[in-house]
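A short write-up of the structure that comes next.
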Amino acid sequence: MRILVVSDSHGAKNFMFRCVEQFKPDMILHLGDYYSDGEELHERFPQIRFAQVPGNCDLSRMPLSARRILIPTIDGVVTYMTHGDLQKVKINLDILKLSGRKAGAELVVFGHTHQSFCEQTDDGMWVLNPGSCGYIHPSAGIVEIENEQVSFCRIITGQDLYEQS
């Protein structure tokens, strides 16, 4: 299963749309800022599994049913989804990683900092921040799951879209 992870679109949706068209994910995770961008993404590609959480910029306009943290199991992989502001990720990732471990997560995805990275911790948990898909140098994340475990994780940029066009 291929998962596209996007965050911090802030109203700029073209990069998200191009990533879906280019990488053809089986599922999309949107991590907030702006929640309505995620809704539009899902409306445009309704055949693709989709989940989203709101960000700190969404608090006054998110649906009442929106949850700030989701812990879905995706193809056997427990996934901790959050925007990251509640876990104070701009200071450090300690609270985020602890929250992920307490949830039994094998994959933790978050946004908020606009700084992209994907790494595996010493105990095997994957931590991904796709960066911001809505700014000058947009980025997103691709995660692949095989045999109920993360087999691949990387950051994609506008350059990746250009190279494969």
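The values are calculated or read from the model by the stated rules, or taken from the named source; none is laboratory data. None of these values were measured; they are calculated from a predicted model. In this analysis, Cβ positions are derived from the backbone assuming ideal geometry, glycine residues included, and neighbour counts consider all displayed protein chains. Ligands, DNA and RNA are excluded from the accessible area calculation, which covers all protein heavy atoms including side chains. Shrake-Rupley method; radii C 1.70, N 1.55, O 1.52, S 1.80 Å.
I'd like to verify a number: residues in segment 117-165 that are hydroxyl-bearing (Ser, Thr, Tyr), free of Cβ contacts under 8 Å to residues at least 40 places away in the same chain and under 26 Å from residue 94 (Cα atoms), how many?
Within segment 117-165, residues that are hydroxyl-bearing (Ser, Thr, Tyr), free of Cβ contacts under 8 Å to residues at least 40 places away in the same chain and under 26 Å from residue 94 (Cα atoms) number 3.
From the list 11, 32, 111, pick out the single residue that is open to solvent by 30 Å² or more (accessible area, probe 1.4 Å) and either assigned to a loop (DSSP other than H, G, I, E, B) or farther than 17 Å from residue 150 by Cβ (or both).
Values: 32 fails: open to solvent by 30 Å² or more (accessible area, probe 1.4 Å); 111 fails: open to solvent by 30 Å² or more (accessible area, probe 1.4 Å).
The conditions single out 11.
Taking segment 132-144, which residues are open to solvent by 20 Å² or more (accessible area, probe 1.4 Å) and in a strand (DSSP E or B)?
144
Does any residue of segment 65-77 turn out to be under 18 Å from residue 20 (Cβ atoms), in contact with a strand residue (DSSP E or B) (Cβ under 6 Å, 6 or more places away or on another chain) and either modelled with pLDDT of 95 or more or of a type outside the set (Lys, Arg) (or both)? I'd like the intermediate steps shown before the answer.
Of all residues in segment 65-77, those under 18 Å from residue 20 (Cβ atoms) come to 74.
Okay, now just the ones that are also in contact with a strand residue (DSSP E or B) (Cβ under 6 Å, 6 or more places away or on another chain), so none.
Looking for residues that are under 18 Å from residue 20 (Cβ atoms), in contact with a strand residue (DSSP E or B) (Cβ under 6 Å, 6 or more places away or on another chain) and either modelled with pLDDT of 95 or more or of a type outside the set (Lys, Arg) (or both), one finds none in segment 65-77, hence no.
State all residues of segment 57-103 that are of a type outside the set (A, V, I, L, M), open to solvent by less than 40 Å² (accessible area, probe 1.4 Å) and either in a loop (DSSP other than H, G, I, E, B) or within 23 Å of residue 137 (Cα to Cα) (or both); if no residue qualifies, say none. Give the derivation first.
Restricting attention to segment 57-103, the residues satisfying the condition of being of a type outside the set (A, V, I, L, M) are 57-58, 60-61, 63, 65, 67-68, 72-73, 75-76, 79-80, 82-85, 87-88, 90, 92, 94, 97, 99-102.
With the extra rule that they be open to solvent by less than 40 Å² (accessible area, probe 1.4 Å), the set shrinks to 58, 72, 76, 79-80, 82-85, 87, 99-100.
Residues satisfying the conditions are 58, 72, 76, 82, 83, 84, 85, 87.
From the list 147, 129, pick out the single residue that is modelled with pLDDT of 95 or more and open to solvent by less than 20 Å² (accessible area, probe 1.4 Å). If you could, list the steps in order and put the result at the bottom.
On the way: 147 fails: open to solvent by less than 20 Å² (accessible area, probe 1.4 Å).
Answer to the selection: 129.
Which of the residues spanning segment 35-52 are part of a helix (DSSP H, G or I), small (Gly, Ala, Ser) and open to solvent by 10 Å² or more (accessible area, probe 1.4 Å)? Lay out the reasoning, then the answer.
In the first step, residues of segment 35-52 are kept if they are part of a helix (DSSP H, G or I); the result is 35-44.
When the remaining residues are screened for being small (Gly, Ala, Ser), the result is 36, 38.
Across segment 35-52, the qualifying residue is only 36.
Name the pairs whose Cβ atoms lie under 7 Å apart, with the first residue in segment 79-97 and within 15 Å of residue 55 (Cβ to Cβ), the second among the β-branched types (Val, Ile, Thr) and crowded, with 23+ Cβ neighbours inside 10 Å, and 6 or more positions between them or separate chains?
Pairs that qualify, where the first residue is within 15 Å of residue 55 (Cβ to Cβ) and the partner is among the β-branched types (Val, Ile, Thr) and crowded, with 23+ Cβ neighbours inside 10 Å, are 81/53; 81/109; 82/53; 83/53; 96/108.
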